[in-house]
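Chemist: Sharing a structure here in structure tokens format.
The values are calculated or read from the model by the stated rules, or taken from the named source; none is laboratory data. This structure is a prediction, so every number in the text was calculated from the model and none was measured. Methodologically, a virtual Cβ is constructed for each residue, glycine included, from the backbone with ideal geometry; neighbour enumeration extends over all protein chains shown. The area values use the complete protein model at the heavy-atom level, side chains included, leaving out ligands, DNA and RNA. Shrake-Rupley method; radii C 1.70, N 1.55, O 1.52, S 1.80 Å.
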Amino acid sequence: MAASSLISTNFRSSPTFSSLPSFSRFPNRKLVTFPLSKSFSLHKSPSSTSSPILSLLHHKTQKRSLIPYKTYCPPCLHKLLLTTKNPFSTALDSLLILCTSVALALSLFITDVDPASAFVVTPPRKLQSDELATVQLFQENTPSVVYITNLAARQDAFTLDVFEVPQGSGSGFVWDKDGHVVTNYHVIRGASDLRVTLADQSTFDAKVVGFDQDKDVAVLHVDAPKDKLRPIPIGVSADLLVGQKVFAIGNPFGLDHTLTTGVISGLRREISSAATGRPIQDVIQTDAAINPGNSGGPLLDSTGSLIGINTAIYSPSGASSGVGFSIPVDTVNGIVDQLVRFGKVTRPVLGIKFAPDQSVEQLGVSGVLVLDAPANGPAGKAGLLPTKRDAYGRLILGDIITSVNGKKVSNGSDLYRILDQCKVGDKVTVEVLRGDQKEKIPVVLEPKADET
């Protein structure tokens with residue numbers, strides 16, 4: 001409004017009135033008089049290029065009659081200038097505001113604009129194609145990953161009350177719509193109770209269906225509504241390649257649904273089971289960050305299909321060092337199928353206890369030294385001799401297994417690897433070194449005694 005307001009002023013000194021008594025309280029202030037005979041804009045004088053309306057107003061103002069001179073002190077003059085307004089300029093300002101408001105309203109009605117975003121401009125976030133694929137993979141597979149809490153019963157020393165405390169946690173994933181959840185055995189080991197938390201934060205008590213200590217795999221069951229269960233897509237691990245992208249989803253350090261990415265660093269690795277020490281073959285090595293709490297979580301390929309279960313890391317510090325291991329899905333598939341159907345894994349054994357590999361190496365021979373062969377076991381029935389002491393306490397070495405079915409056995413891992421390829425009831429030929437002689441003994445494989 002100030003841009004179009006015009007105030008006619010003309011300042012002139014008036015010493016004649018400097019001694020008036022009415023202004024004696026301002027002895028040091030100069031008095032000025034002004035007539036409104038000549039126009040002068042406080043902001044911008046109208047020029048030849050200004051609006052005709054403003055020019056007309058300016059012209060009319062110049063022809064107005066002179067107002068008698070009055071003498072004002074500077075404060076009074078300032079107050080007068082602030083309160084003096086041209087009625088024509090006020091009307092013109094109001095008209096301009098009205099026209100602007102009408103034009104804006106019409107533009108909103110004519111243009112198809114969302115009211116919420118009419119004045120807010122949010123540029124879309126630009127993601128690369130590989131980023132979009134990773135985001136989509138995480139969003140589609142997160143509902144299949146669960147958080148598992150291991151609870152242990154403890155008794156108060158003073159009140160003797162029994163209560164449950166969390167003693168560990170891990171990850172898992174939904175296997176089917178029937179409520180089966182797959183995880184690592186070491187995640188649930190020693191638990192008195194287990195709780196499974198789904199992606200929507202709903203929690204259910206879980207029961208153990210079965211487990212395989214040798215391969216570190218366990219299957220749980222939860223009574224959850226089927227609409228809450230989203231099974232993870234099952235892939236294939238036989239055709240994996242080194243350098244292939246992989247994605248690990250889990251709950252490291254209790255932080256739920258964390259995604260880490262990496263590549264396959266190696267294939268056909270071998271690690272030992274945390275529970276029994278039995279070797280796990282064909283393990284996938286990856287540099288995707290796997291930390292405590294990731295155990296039991298899925299390892300996915302770029303299509304979002306399961307290719308392994310994250311089970312272990314190689315780290316002196318206990319945190320991720322870029323060397324993680326996953327049990328291949330082809331191994332897991334057969335184990336889970338047996339656990340769901342029978343509640344156990346029927347794996348053939350020779351029924352022996354053998355010495356550590358270092359002890360056999362000290363003897364200067366290659367093979368597996370039999371320490372014990374129970375008489376009711378497969379090896380005992382077939383006639384394998386265990387290690388024992390004579391009447392004088394001298395150690396008499398037992399049979400040393402050098403091959404099974406013609407396949408060389410150099411250590412315990414070789415023996416386990418051969419037996420994993422056999423079935424219960426198979427007859428195998430075991431070649432042993434007995435003293436200085438080699439003998440071949442047929443043995444019928446049987447399941448573990450506690451699995452019969």
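Chemist: Any of Lys207/Lys344; Lys215/Lys427; Lys388/Lys427; Lys381/Lys438; Lys226/Lys344; Lys407/Lys448 with alpha carbons more than 21 Å apart? Name them for me.
Modeler: Pairs exceeding the cut-off: Lys215/Lys427; Lys388/Lys427; Lys226/Lys344; Lys407/Lys448.
Chemist: Would you tally the net charge around Thr387, using a Cβ to Cβ cut-off of less than 13 Å, leaving Thr387 out, and scoring K and R as +1, D and E as -1?
Modeler: +2
Chemist: When the label point is put 7 Å from the Cα of Thr346 along its Cα-to-beta-carbon vector, which residues of region 421-440 have a backbone N closer than 13 Å?
Modeler: 423-426
Chemist: Continuing with this model, one more query. Could you compute the net charge surrounding Arg230? Neighbours are other residues with a C-beta less than 15 Å from the C-beta of Arg230; K and R count +1, D and E count -1.
Modeler: -2
Chemist: Ignoring any ligand, DNA or RNA, what whole percent of the accessible area of region 401-440 comes from carbon and sulfur when the probe is 1.4 angstrom?
Modeler: Whole-percent figure for carbon plus sulfur exposure: 41.
Chemist: Using the Karplus curve 6.51 cos²θ - 1.76 cosθ + 1.60 with θ = phi - 60°, work out ³J(HN,Hα) for each residue of region 437-448 in order, rounded to whole Hz, and write x for Gly and Pro.
Modeler: So the J values, rounded to whole Hz, are 10, 9, 9, 10, 10, x, 10, 9, 6, 10, x, 4.
Chemist: For Asp239 and Ile97, compute 0.36 nm times the residue count separating them, minus their Cα-Cα distance, and round to one decimal in nm.
Modeler: 43.8 nm is the gain from fully extending Asp239 to Ile97.
Chemist: For Val135 and Tyr392, what does the FRET efficiency come to when R0 = 51 Å and r is the distance between their Cβ atoms, rounded to the nearest 0.05?
Modeler: Efficiency at R0 = 51 Å is approximately 0.10.
Chemist: If I take R0 = 41 Å and measure r between the Cβ atoms of Asp330 and Gln362 in this structure, what FRET efficiency does the formula 1/(1 + (r/R0)^6) give, to the nearest 0.05?
Modeler: The computed FRET efficiency comes out at 0.65.
Chemist: Kindly rank 342-354, 291-303 from highest to lowest mean number of other beta carbons found within 10 Å of each residue.
Modeler: So the peptides 342-354, 291-303, ranked by packing, come out 291-303, 342-354.
Chemist: For Lys440, list the aspartates and glutamates whose Cα falls under 12 Å from its own Cα; do not include residues on the same chain fewer than 8 positions away.
Modeler: Partners found: Asp399, Glu431.
Chemist: For Val181, which sequence-distant residues (separation of 5 or more, or a different chain) have an amide H within less than 5 Å of its own amide H, given hydrogens modelled in the peptide plane?
Modeler: So Val181 has HN proximity to Trp175, Leu220, His221, Val222.
Chemist: While we're here: Tell me the accessible surface of Tyr314 in square angstrom (1.4 angstrom probe, heavy atoms of protein chains only), to the nearest ten.
Modeler: Surface open to solvent at Tyr314 totals about 150 Å².
Chemist: Run the simple label-point estimate for Gln421 and Ser202 please: 7 Å along Cα→C-beta, distance reported in nm.
Modeler: 4.7 nm
Chemist: Identify, among Val196, Leu229, Phe247, the residue whose Cα sits farthest towards the positive end of the charge dipole of region 189-263, taking +1 on the Cβ of Lys and Arg and -1 on the Cβ of Asp and Glu, with the dipole about the Cα centre.
Modeler: Projecting each Cα onto the dipole axis, the largest value belongs to Phe247.
Chemist: Counting pairs of alpha carbon atoms under 8 Å apart in space and at least six apart in sequence, what relative contact order in percent does region 291-371 give?
Modeler: This gives 17 percent for region 291-371.
Chemist: With an 8 Å Cα cut-off and a minimum separation of 6 or more residues, compute the relative contact order for region 260-411 in percent.
Modeler: Relative contact order for region 260-411 comes out at 13 percent.
Chemist: Which order, highest average first, do 398-410, 436-448 follow once you tally other Cβ atoms within 10 Å for each residue and take the mean per peptide?
Modeler: 398-410, 436-448
Chemist: Which FRET efficiency value, to the nearest 0.05, do you get for Glu270 and Leu371 by plugging their Cβ-Cβ distance into 1/(1 + (r/R0)^6) with R0 = 25 Å?
Modeler: Given R0 = 25 Å and the Cβ-Cβ separation, E is 0.65.
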